[in-house]
Amino acid sequence: MSYFDVVLQGLISGILMGFIYALVAGGFTMILGVMNVVNFAHGNFVMVGMYIAYFLGIKMGVDPFASIGVAIPIMVVLGATVYLLTIRPILGQPQYAQMMVTLGVLIIIENAIIWIFGGEFRSLNTSYTTAAIALGNTKVSVARLLAAGAAVVILSALFLFLHRTDLGRAVRACADEPESAQSVGIDLNKVFVIAFILGSILAGMAGCIVMPFQVCCPSSGVDAVVKAFIIVVVGGLGSIPGALVGGLLVGITESVASVLSSPASALVIVFALLIVVVAWRPSGIFSRAR
Amino acid sequence: MKKSNCSGNLVVRRIMVLLVLVTLILICPVGVGQTAQEVKLGYDVGLTGPASPWGKRAWNSLQLILDEFNAKGGIKSMGGAKIKYIMMDHQSKPDIAGSNAEKLIKDGVSVMMGCNSSDCAMVASQICSRAKIPFIDNNDHDPMVTARGLDYVFRVCPNSTQITGGSVEFAQWILKQTGKTASRVGILNSQQANPYAVYKIWERDIPKVFNVVYKETYPQSQQDFSGIVANIKKLGVDLLFQCAFPVDAILLTRAFKEQDYNPLGFIANNSGHDPLDYIYATKKDSEYYLVTGTYSNDLKVPMIDELRQKMKNRYGQDYETDHSDMLMANAVSVLVDALERAGTDNPAKLRDALKATNLNVGQYWYVVPDGCKFDETGQNIKQKIVTFQIRDGKHRAVYPAEFASIKPVFPIPKWSER
């Protein structure tokens, strides 16, 4: 293996992980953009998706990608419940109050998972978990390739929904100009609940598609939300293309830095990227005027 | 007159007996003659989070042994006192381990056990030592747990210095046995407490005997190892030393297979590769891994089978023990032995009894060779190190010869040939 192969390996891995990060960040940025709520529990919605895929895989032999079909209705119920019981009552309250509430939701979900599944880690072994496609001297993980492909499809569908449907346009209108949207008859409460449910679905789907190659435990959500937060700040608050570009930037930076310097310094470099972007464009690369 | 004399003698005799009894009560050690009191044991363990694969098993083992011990009459020298255990889950988080320790001490425990996570043990043991409550560490390997000169801290399992020495010794032995040469050696560890402590020791010691061309640590949050493995392949590492946590042990094994990385062998230092959960998660991909640690179910110790069966009877026939169960059996043995000798749960006297521990395999439930004796820092210096190879989903002891139940496969087969 040459130096070029190693960098290429880092680049490929970074791109694949970048698409997956973008899917996680997509839901996070939608909730933030539309409702101006930083949902710290978002990572735990991803973790719930992982457990759904795990449970269906272990008990019924369902492939994690197929488990998306079961995860969607569960995430709709979970998202609607969390929104109606915890988010709606604190809308318009100071941001720190919202943060405390979503942190509370994070703790409740984590403990519910511990109660149901126990605290130990869980993993699935699919037929393609360790399969790889050779690309010269580099190897492309089949599980990550499938997950990245699914992430692209889901994000594209979301993009089309937001730009080609009336409901999607209403969601965007509420994100851009909530007062004007309300003045033309858009029901803000309805749009908020739809946005929150959509964000929850995206998180749940992300959880399902990473399960073939990831290990989950009740604290898995924390890493996901931290990364989503970085991506959203880099890409631009409330922007789906921003989440995609931010996800790719973070994924590639993290992976290439990991092979060129060290895995530990990769995190430092990702945070350095965050600082540079914030200094250059405080609202992120694809910032939307509010 | 005669009657009066008899009556007087009787009174004198009764007074004498009373005086003797009072004197005996006053001079006897606290606890002797008391009817079944309770000894409060606090157990600060991670049942959730990254350390849970170790914590859950240790907790199972502690309950099984102490329930049986209490049912059979408790501590004889304390009039049959029962050991009441109070468990708190530290969630694999050092700050919670610390607050648990504070809470347990406030609740009046006279001795503590923990933590199945070195980060957590560092905090909890310090708090116990400050409160002058003996802390018995059942399964943490960071040398610093006992190297800080804390008077109330005792570690029953070996520390990383002892285990890493065993892994390097094994590597030299296996290469000599098979006539192979490892010309380019690598070290890859997690940055969590014990794996990082192991890294520092290996970084110092392995270059003395091997040509180290790769040494790296990765953060706990590392999820994609393909770049790391690509680097290892590029450098042509032909023998890789590893110390990981369970989750990264799984992800790394998968990455090695995915990247088709085929060294002479993988030598792991217990931690993440030691729990059976690692085998359950990676299935056949864990085959042929060589792990240097503390225990293997096939050690030639008669009591092991008895304990394994008891665990199956209580936790189900599918339950299989690993080092975490058995190291807890050792730690409980040390505690019971010290309580019997001290005859009290007074923390200072219990500490003195712990310092004088000299247990052999077969005493109480002590199953890991060669027993327990603490040095001046509280570290067990009697326990031996064992290397096992994962074969057919089981740990099979391969080194040293006195423990070996099979001959190791080395070099390990290529991924494509398995």
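Considering B:A404, B:A397, the condition of being closer than 30 Å to B:L264 by Cβ and free of Cβ contacts under 8 Å to residues at least 40 places away in the same chain is satisfied by B:A404 alone.
Condition first: assigned to a strand (DSSP E or B) and away from chain A (no Cβ under 14 Å). Now tell me which residues in region B:38-61 satisfy that.
Within region B:38-61, the subset assigned to a strand (DSSP E or B) is B:38-45.
Residues satisfying the conditions are B:E38, B:V39, B:K40, B:L41, B:G42, B:Y43, B:D44.
Just one of the numbered conditions (1) within 23 Å of B:S52 (Cα to Cα); (2) of a type in the set (S, T, N, Q); (3) touching a residue at least 40 places away in the same chain (Cβ under 8 Å) is not true of B:Q162: (1). Counting the residues of region A:57-76 that are assigned to a helix (DSSP H, G or I), closer than 13 Å to A:I209 by Cβ and of a type outside the set (V, I, T) gives 3. Restricting region A:171-197 to residues that are free of Cβ contacts under 8 Å to residues at least 60 places away in the same chain, assigned to a helix (DSSP H, G or I) and among the small types (G, A, S) leaves a set whose member that is farthest from A:I240 (Cα to Cα) is A:S183.
Can you name every residue in region A:252-273 that is within 24 Å of A:L106 (Cβ to Cβ), more than 9 Å from every other protein chain (Cβ to nearest Cβ) and buried (at least 19 other Cβ atoms within 10 Å of the Cβ)?
Of all residues in region A:252-273, those within 24 Å of A:L106 (Cβ to Cβ) come to A:254, A:267, A:270-271.
Then drop every residue that is not more than 9 Å from every other protein chain (Cβ to nearest Cβ), which leaves A:270-271.
The answer is A:V270, and nothing else.
So in region B:294-326, with the set limited to residues that are aromatic (F, W, Y) and crowded, with 17+ Cβ neighbours inside 10 Å, which one is farthest from B:I65 (Cα to Cα)? The selected residue is B:Y295. Residues in region B:286-312 that are assigned to a helix (DSSP H, G or I) and acidic (D, E): B:D305, B:E306.
Taking the criterion of being surrounded by fewer than 24 Cβ atoms within 10 Å (Cβ to Cβ) and among the β-branched types (V, I, T), the residues of region A:202-232 that qualify are A:V215, A:V222, A:V226, A:I230. Scanning region B:263-276 for residues that are out of contact with any Cys (no Cβ under 6 Å at 6 or more places or on another chain) and more than 12 Å from chain A (Cβ to nearest Cβ) yields B:P263, B:L264, B:G265, B:F266, B:I267, B:A268, B:N270, B:H273, B:D274.
Yes/no per residue for (1) without any contact (Cβ under 8 Å) to a residue 60 or more places away in the chain; (2) within 28 Å of B:D277 (Cα to Cα); (3) not in a loop (DSSP other than H, G, I, E, B):
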residue: B:L354; (1), (2), (3): no, no, yes
residue: B:G362; (1), (2), (3): no, yes, no
residue: B:V367; (1), (2), (3): no, yes, no
residue: B:E376; (1), (2), (3): yes, no, no
residue: B:Q389; (1), (2), (3): no, yes, yes
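Screening A:F4 on (1) aromatic (F, W, Y); (2) free of Cβ contacts under 8 Å to residues at least 12 places away in the same chain; (3) part of a loop (DSSP other than H, G, I, E, B) shows it passes everything except condition (3).
Quick check on this structure: which one of A:A203, A:A148, A:A224, A:A175 is more than 14 Å from the chain's Cα centre (by Cα) and of a type in the set (A, V, I, L, M)?
None of the others qualify; the one that does is A:A175.
Any idea which of A:G43, A:G79, A:G10, A:G26 is among the small types (G, A, S), within 16 Å of the chain's Cα centre (by Cα), within 13 Å of another protein chain (Cβ to nearest Cβ) and part of a helix (DSSP H, G or I)? Being among the small types (G, A, S), within 16 Å of the chain's Cα centre (by Cα), within 13 Å of another protein chain (Cβ to nearest Cβ) and part of a helix (DSSP H, G or I) holds for just one of A:G43, A:G79, A:G10, A:G26, which is A:G43.
Restricting region B:183-230 to residues that are of a type in the set (S, T, Y) and buried (at least 21 other Cβ atoms within 10 Å of the Cβ), the residue that is farthest from B:C243 (Cα to Cα) is B:S226.
Summed over region B:247-262, the residues that are touching a Phe, Trp or Tyr at 6+ places or on another chain (Cβ under 6 Å) and at the interface with chain A (Cβ under 7 Å from one of its Cβ atoms) give a count of 4. Here A:Q9 fulfils each of the conditions (1) in contact with a Gly (Cβ under 7 Å, 6 or more places away or on another chain); (2) within 29 Å of A:S239 (Cβ to Cβ) apart from (2).
Scanning region B:277-284 finds one or more residues that are at the interface with another protein chain (Cβ under 8 Å from one of its Cβ atoms), surrounded by 24 or more Cβ atoms within 10 Å (Cβ to Cβ) and among the hydrophobic types (A, V, I, L, M, F, W, C). Would you check if A:G18 is assigned to a helix (DSSP H, G or I), surrounded by 24 or more Cβ atoms within 10 Å (Cβ to Cβ) and at the interface with chain B (Cβ under 9 Å from one of its Cβ atoms)? Criteria not met by A:G18. Considering region A:80-97, and only residues there that are at pLDDT below 90 and out of contact with any Phe, Trp or Tyr (no Cβ under 9 Å at 6 or more places or on another chain), the residue that is surrounded by the most Cβ atoms within 10 Å (Cβ to Cβ) turns out to be A:I90. Residues in region A:112-139 that are in a strand (DSSP E or B), farther than 26 Å from A:N44 by Cα and at the interface with another protein chain (Cβ under 9 Å from one of its Cβ atoms): A:A132, A:A134, A:T138, A:K139. Residues in region B:203-223 that are in contact (Cβ under 8 Å) with a residue 24 or more places away in the chain and at the interface with another protein chain (Cβ under 7 Å from one of its Cβ atoms): B:E216, B:T217, B:Y218, B:P219, B:Q222, B:Q223. Scanning region B:159-189 for residues that are part of a helix (DSSP H, G or I) and at positive phi gives no hits. The residues on offer are A:M75, A:M1, A:M50, and the sole one that is at pLDDT 95 or above, under 29 Å from B:S226 (Cα atoms) and surrounded by 15 or more Cβ atoms within 10 Å (Cβ to Cβ) is A:M50.
One residue stands out in region B:220-244 among those that are aliphatic (A, V, I, L, M) and part of a strand (DSSP E or B): the one that is farthest from A:L260 (Cα to Cα), namely B:L239. When we screen B:K200, B:K176, B:K233 for residues that are basic (K, R) and either within 9 Å of another protein chain (Cβ to nearest Cβ) or touching a residue at least 24 places away in the same chain (Cβ under 8 Å) (or both), the only hit is B:K233.
The values are calculated or read from the model by the stated rules, or taken from the named source; none is laboratory data. Please read these numbers as outputs of a predicted model, since none were measured by experiment. Neighbour counts run over all protein chains shown; Cβ positions are idealised from the backbone, glycine included.
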